[in-house]
Amino acid sequence: MPRVKELLAAGVTVAFGQDCVKDTFYPTWGQADPLEVGQITAHALQFTQPHEIDALAEMCTAGAARVLRVAGYGLHPGAVASLNVIDAPTFAEAFRTRADRRVVLFRGRVVAETKTTSRLVRAR
């Protein structure tokens, strides 16, 4: 595994992603989901502390945008408005549960929505 903690401590921008989805190299895994890859990364690199979870969030958001040289990234006036509204109160919870994306916007247009229904069934 790469020495990500040391790279981050040295000020290096780190990002993660997934390029193999149900292909010859990764036939039974992969969803191209940053929360899935973040969860795997957290386990593999032993990122368990709150500041390390924050670093994971940075790696799959602003860090990835810097690595990919995405212009206009972020939450500010004039930004592109490509974003996910995640159904979790924190990134730690989002990674832990691989939370639903309630709304996905691409260039200001809603391209996907998820509505989850939960029901508690009591045994009698």
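Step by step: first the residues of segment 62-81, then only those that are at pLDDT below 90 and small (G, A, S), then the one that is farthest from T117 (Cα to Cα). Which residue is that? Among those that are at pLDDT below 90 and small (G, A, S), it is A71.
Scanning segment 31-56 for residues that are under 15 Å from R101 (Cα atoms) and assigned to a loop (DSSP other than H, G, I, E, B) yields Q31, A32, D33. Step by step: first the residues of segment 85-105, then only those that are of a type outside the set (G, A, S), outside any helix (DSSP H, G or I) and out of contact with any Asp or Glu (no Cβ under 7 Å at 6 or more places or on another chain), then the one that is nearest to H51 (Cα to Cα). Which residue is that? Ranking the qualifying residues of segment 85-105, first place goes to T90.
The set of residues in segment 108-124 being of a type in the set (K, R) and either at pLDDT below 90 or part of a helix (DSSP H, G or I) (or both) consists of R119, R122, R124. Here A32 clears all of (1) within 16 Å of V14 (Cα to Cα); (2) under 14 Å from the mean Cα position of the chain (by Cα); (3) not hydroxyl-bearing (S, T, Y) except the condition numbered (1).
Does V85 satisfy being under 30 Å from L7 (Cα atoms), touching a strand residue (DSSP E or B) at 6+ places or on another chain (Cβ under 6 Å) and at pLDDT 90 or above? Here the answer is yes, as V85 does meet what is asked. Check whether at least one residue in segment 23-38 is in contact (Cβ under 8 Å) with a residue 12 or more places away in the chain, at positive phi and in contact with a strand residue (DSSP E or B) (Cβ under 7 Å, 6 or more places away or on another chain), and report yes or no. No, there is no match, as no residue in segment 23-38 is in contact (Cβ under 8 Å) with a residue 12 or more places away in the chain, at positive phi and in contact with a strand residue (DSSP E or B) (Cβ under 7 Å, 6 or more places away or on another chain). For L7, the criteria (1) free of Cβ contacts under 8 Å to residues at least 24 places away in the same chain; (2) within 23 Å of A99 (Cβ to Cβ) hold in every case but one, which is (2). Residues in segment 38-91 that are of a type in the set (D, E) and surrounded by fewer than 13 Cβ atoms within 10 Å (Cβ to Cβ): 0 in all.
The values are calculated or read from the model by the stated rules, or taken from the named source; none is laboratory data. Everything quoted here is computed from the prediction, not taken from an experiment. Positions of Cβ are generated from backbone atoms using ideal geometry, with glycine treated the same way; all protein chains shown enter the neighbour counts.
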